[in-house]
Amino acid sequence: MNKEETYQYLNDRGVAYEITEHPAVFNMAEVAELTTLPYPEVNAKNLFVRDKKKRFYMLTVRGDVRADLKAFRKKLGVTGLSFASVEELDSILKLYPGAVTPLGLLNDKEKLVTLYIDEWFMDGLIGLHPNDNTATIWMKATDLVKLLQDDGHTVLTVAL
């Protein structure tokens, strides 16, 4: 699902969102340089990781927070947590580095990825890419969770 298809998917389901188009960004440092983002404090950082048993996870935290993979690994009780490969990112989520987003789970037809979203977002908006790193969409985090759960994905809110 590309950017336009993602917008259509949200529209078809009546999900309210706001779009901010911007130059391609590949990391949070580049995102921080954008001056056009209306809600930078709720911008999400998304990490696509896997464990030794090839179970896949996406961790979604605030953009200004350092994700502690060691603590997350302990919380899950898994071993060997590491970043998934570019090939796995492409084959499972149809995404590329810099465009990782929970909306990529809509491309995960086999439901291989479990999303862990920081509970901090659940009271308001979240900013994330629409399967392309040339835009950020702003939507209610609760709408994101419901959208993905309605599509059959496992989404858990945790303190990250």
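The values are calculated or read from the model by the stated rules, or taken from the named source; none is laboratory data. Computed from a predicted structure; not experimentally measured. Note: ideal-geometry Cβ built from the backbone for every residue, glycine included; neighbour counts use all protein chains shown. Please note that ligands, DNA and RNA were not included when accessible areas were found on the heavy atoms of the full protein model with its side chains. Shrake-Rupley method; radii C 1.70, N 1.55, O 1.52, S 1.80 Å.
Quick notes on this structure:
- Scanning the range 107-137 for residues that are aliphatic (A, V, I, L, M) and open to solvent by less than 40 Å² (accessible area, probe 1.4 Å) returns Val113, Leu115, Ile117, Ile126, Leu128, Ala135, Ile137.
- Residues within the range 39-84 that are more than 19 Å from Phe26 (Cβ to Cβ), in contact with a Gly (Cβ under 7 Å, 6 or more places away or on another chain) and among the small types (Gly, Ala, Ser), tallied: 0
- Residue within the range 15-38 that is at pLDDT 90 or above, under 13 Å from the mean Cα position of the chain (by Cα) and closer than 17 Å to Leu148 by Cβ present: no
- Residue check for Gly104: among the small types (Gly, Ala, Ser) and open to solvent by less than 20 Å² (accessible area, probe 1.4 Å): yes
- All positions within the range 72-105 that are in a helix (DSSP H, G or I), at pLDDT 95 or above and in contact with a strand residue (DSSP E or B) (Cβ under 9 Å, 6 or more places away or on another chain): Glu88, Leu89, Ile92, Leu93, Pro102, Leu103, Gly104, Leu105
- Selected residue (only one of Arg50, Arg62, Arg55, Arg73 is touching a Leu at 6+ places or on another chain (Cβ under 7 Å) and either surrounded by 13 or more Cβ atoms within 10 Å (Cβ to Cβ) or closer than 27 Å to Glu110 by Cα (or both)): Arg73
- Selected residue (only one of Ala29, Ala67 is closer than 24 Å to Trp120 by Cβ, of a type in the set (A, V, I, L, M) and either open to solvent by 70 Å² or more (accessible area, probe 1.4 Å) or without any contact (Cβ under 8 Å) to a residue 40 or more places away in the chain (or both)): Ala29
- Any hit, the range 38-56, residues being assigned to a helix (DSSP H, G or I) and within 16 Å of Thr157 (Cα to Cα): yes
- Residue in the range 138-153 that is assigned to a strand (DSSP E or B), closer than 15 Å to Val15 by Cβ, of a type in the set (A, V, I, L, M, F, W, C) and open to solvent by less than 60 Å² (accessible area, probe 1.4 Å) present: yes
- Filter result for Thr6 (in contact with a strand residue (DSSP E or B) (Cβ under 9 Å, 6 or more places away or on another chain) and open to solvent by 70 Å² or more (accessible area, probe 1.4 Å)): no
- Among (1) open to solvent by 80 Å² or more (accessible area, probe 1.4 Å); (2) hydrophobic (A, V, I, L, M, F, W, C); (3) under 22 Å from Leu156 (Cα atoms), the one test that Val86 misses: (3)
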